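Structure, as C-alpha cells:
Rule-based calculations on the coordinates, nothing more; no lab input. Just so we're clear, the structure is a prediction, and the values are computed from it rather than from any experiment. Backbone-built Cβ (ideal geometry, glycine too); neighbour counts: all protein chains shown.
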Amino acid sequence: MVKTLVDILGIKGFEVHAAYSGAEALAVLQGQRVDILLTDVIMPDMDGVALYRATQKTNPNLVTILMTAYAADEIIQQGLEEGIQTVLTKPLDIDLMLAMFSAFKKLFAKAS
C-alpha cells in the first residue's frame, strides 16, 4: 500500500517520502522537511498516535492524518483530542485523500 500511495501522490505532484515503520518515519522526518504525515494507526513498532506524539517534539505544526482498517476507537480518539487532523478509513477513498492533501497544500502556500 505504501508503494501505491507514493506512486499516486507523486503523479499528482506531491513530493513523497516513504517509510515502512514508525521508527523509519521518525528518521525521515529528522532528515526531510515534511508538511503532511499520513500514517497507519496500527504498526508493528508503534501506533500512529505514538508516532504523532514523537513528531510533536520537533515538528509541532506537522499535519497528521491517520488511516485505519481497524476499530481502534480509543487510540483514534486520543489522537484526535491531541491534534491529529483527521482519520481516513481503509480501503482509502483516494479522491478524498487527494482533495485533503490539495487543500492542505493550498493552506501551506498561503502561509508562506
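Largest GNM mean-square fluctuation among Glu24, Glu74, Glu82, using the chain with Cα springs under 10 Å: Glu74. Between Asp45 and Leu96, the distance separating the two model label sites (each 7 Å from Cα on the Cα→Cβ line) works out to 3.0 nm. The mean sequence separation of alpha-carbon pairs under 8 Å and at least six residues apart, normalised by the residue count of the chain, gives a relative contact order of 19 percent. Among Val63, Val41, Val16, the largest mean-square fluctuation in a Gaussian network model of the chain, built with springs joining Cα atoms closer than 10 Å, belongs to Val16. For the range 25-104, the calculated P(r), taken from all Cα-Cα distances in 5 Å bins from zero up to the bin holding the longest distance, is 3, 15, 29, 24, 20, 8, 1 percent. For a modelled paramagnetic label at Val34, 7 Å from Cα along Cα-to-Cβ, the residues of the range 57-71 in reach, with backbone nitrogen under 19 Å, are 57-69.
With charges set only on the Cβ (+1 for Lys and Arg, -1 for Asp and Glu), what does the dipole of the chain come to about its Cα centre, in debye to the nearest 20?
Values: 9 positive and 13 negative charges, 104 e Å.
For this selection, approximately 500 debye.
Hydrophobic, long helices, defined as DSSP H runs whose alpha-carbon span along the helix axis is 18 Å or greater and whose mean Kyte-Doolittle value is at least 1.0, occur in the chain at 94-111. The gain in end-to-end length when the Ala69 to Met1 segment is fully stretched comes to 23.2 nm, 0.36 nm per residue minus the alpha carbon separation.
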